[in-house]
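First comes the structure, then the notes that go with it.
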Ligand SMILES: [Zn+2]
């Protein structure tokens with residue numbers, strides 16, 4: 001069974017997820033930790049639980065989701081895995097990071113690309129990948145069929161959806177991707193978004209004002 005530890009980091013209130021199972025192997029998704037105290041909160045949890053991190057995963061590469069990428073790669077010696085279509089998003093960050101007040105932003109490079117249908121394995125657990133573009137061109141989500149949850153990044157939120165006015169965003173693409181890739185998941189599947197509280201596919205299908213199932 002996968003345990004989910006949620007941290008909320010940086011001024012964008014971004015949700016960073018640490019997934020681990022009883023083998024203590026773990027994956028870190030979208031580390032938004034920037035300040036020293038945020039990084040210490042994450043690394044002390046890893047140490048306290050005795051976790052062995054295996055992969056660093058990005059749902060997509062907006063700045064608030066990747067502020068801790070290079071720190072995590074260095075600290076835990078883990079490879080960065082993402083979708084290739086978000087490479088320009090990642091590469092553009094140094095040009096604007098200081099405008100958002102992140103003067104200490106450290107650029108990171110991916111080690112491996114994944115796409116829909118690929119599977120990430122750690123411990124006794126597996127995460128399948130779906131491609132859900134529109135908020136970002138290379139946005140992916142990570143799904144545990146066995147444990148009934150989806151790490152959804154900035155695709156679907158409780159009562160909302162990701163913004164599509166940033167470079168590489170497209171509103172119609174996001175709406176159809178949510179319909180085809182997320183609303184086809186089980187109604188009781190729990191959605192853990194990149195911002196705000198968790199929800200379920202069924203709840204969003206019946207109440208989300210932006211995309212009805
Ligand atoms: Zn985003």
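For residue 157, the conditions (1) within 17 Å of residue 210 (Cβ to Cβ); (2) out of contact with any strand residue (DSSP E or B) (no Cβ under 8 Å at 6 or more places or on another chain); (3) buried (at least 17 other Cβ atoms within 10 Å of the Cβ) all hold with the exception of (2). When you look at residue 162, is it in contact with a helix residue (DSSP H, G or I) (Cβ under 9 Å, 6 or more places away or on another chain) and under 23 Å from residue 112 (Cβ atoms), yes or no? No: the conditions fail for residue 162.
Might you check whether a residue that is buried (at least 21 other Cβ atoms within 10 Å of the Cβ) and on the phi > 0 side of the Ramachandran plot occurs anywhere in the range 122-143? Within the range 122-143, one or more residues are buried (at least 21 other Cβ atoms within 10 Å of the Cβ) and on the phi > 0 side of the Ramachandran plot. With a requirement of 2 or more residues that are under 17 Å from the mean Cα position of the chain (by Cα) and within 16 Å of the ligand (Cβ to nearest atom), the helices (runs of 4 or more DSSP H) lying completely within the range 43-140 that satisfy it span 63-66, 87-92. Does residue 151 qualify as being in a strand (DSSP E or B), more than 22 Å from residue 202 (Cβ to Cβ), more than 11 Å from the ligand (Cβ to nearest atom) and in contact (Cβ under 8 Å) with a residue 12 or more places away in the chain? Considered against the rule, which asks whether it is in a strand (DSSP E or B), more than 22 Å from residue 202 (Cβ to Cβ), more than 11 Å from the ligand (Cβ to nearest atom) and in contact (Cβ under 8 Å) with a residue 12 or more places away in the chain, residue 151 comes out as no.
The numbers here are math on the coordinates, done by the rules we state, and not lab data. Being a predicted model, the structure only gives us computed values, none of them experimental. Note that each Cβ is placed from the backbone with ideal geometry, even for glycine, and that neighbours are counted across all protein chains shown.
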